[in-house]
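Since the structure comes first, as structure tokens, the remarks are kept for the end.
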Amino acid sequence: MGVLSKPSIDLAQKIVTEVGFNDRIIGYKLRERTGSMRKSLYSFREVVALLFDHHPRIDLDVLEKWIRRVFSDVELANNLKSIISEALSDKDKTLEIRELMKERLLQCLVRVYEL
């Protein structure tokens, strides 16, 4: 941990706030009996929660672009892009991205509640 720099107040507030319908991202939970369940995700926090599911499914390239476009978090998006481009399995990429996004979410929650 400790890879990301401290976020600005503006970035922290964006990350802890829900986004509108047009800015949502789609993820999937895989279940044994029902198969793939589509989920509309309206917040950074929901994406992090999905990544902690047993079988999360989300397009990592779309996730990187979503973070860059919706939250303007260039540092996090660049880190995700590096992870995605490495020759790792999808599972390893997802685990690394999950930890990085958890770190950013915790940073932002602390930053917002410092006020």
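The values are calculated or read from the model by the stated rules, or taken from the named source; none is laboratory data. Please read all numbers here as calculations on a predicted model, not as lab measurements. Here the Cβ is made from the backbone with ideal geometry for all residues, glycine too, and neighbour counts use every protein chain on show.
Descriptive notes on the structure:
Quick grid of which residues meet (1) of a type in the set (Ser, Thr, Tyr); (2) within 20 Å of Gly20 (Cβ to Cβ); (3) at pLDDT below 95; (4) in a helix (DSSP H, G or I):
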residue: Leu50; (1), (2), (3), (4): no, yes, no, yes
residue: Lys65; (1), (2), (3), (4): no, yes, no, yes
residue: Val70; (1), (2), (3), (4): no, yes, no, yes
residue: Lys81; (1), (2), (3), (4): no, no, no, yes
residue: Leu88; (1), (2), (3), (4): no, no, yes, no
residue: Lys91; (1), (2), (3), (4): no, no, yes, yes
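Okay, residues lined up against (1) basic (Lys, Arg); (2) in contact with a Leu (Cβ under 9 Å, 6 or more places away or on another chain):
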{"position": "Lys14", "(1), (2)": "yes, no"}
{"position": "Asn22", "(1), (2)": "no, no"}
{"position": "Ser36", "(1), (2)": "no, yes"}
{"position": "Ser40", "(1), (2)": "no, no"}
{"position": "Pro56", "(1), (2)": "no, yes"}
{"position": "Glu64", "(1), (2)": "no, yes"}
{"position": "Asp73", "(1), (2)": "no, yes"}
{"position": "Ile84", "(1), (2)": "no, yes"}
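- Criterion (at negative phi, out of contact with any Pro (no Cβ under 9 Å at 6 or more places or on another chain), modelled with pLDDT under 95 and outside any loop (DSSP other than H, G, I, E, B)) met by exactly one of Ser36, Ser40: Ser36
- Of the criteria (1) in contact with a helix residue (DSSP H, G or I) (Cβ under 9 Å, 6 or more places away or on another chain); (2) not in a loop (DSSP other than H, G, I, E, B), which one Asn22 fails: (1)
- Yes/no for Ile83 being over 17 Å from Val110 (Cβ atoms) and buried (at least 17 other Cβ atoms within 10 Å of the Cβ): yes
- Residue among Val47, Val74 that is touching a strand residue (DSSP E or B) at 6+ places or on another chain (Cβ under 7 Å), among the β-branched types (Val, Ile, Thr) and closer than 25 Å to Glu114 by Cβ: Val47
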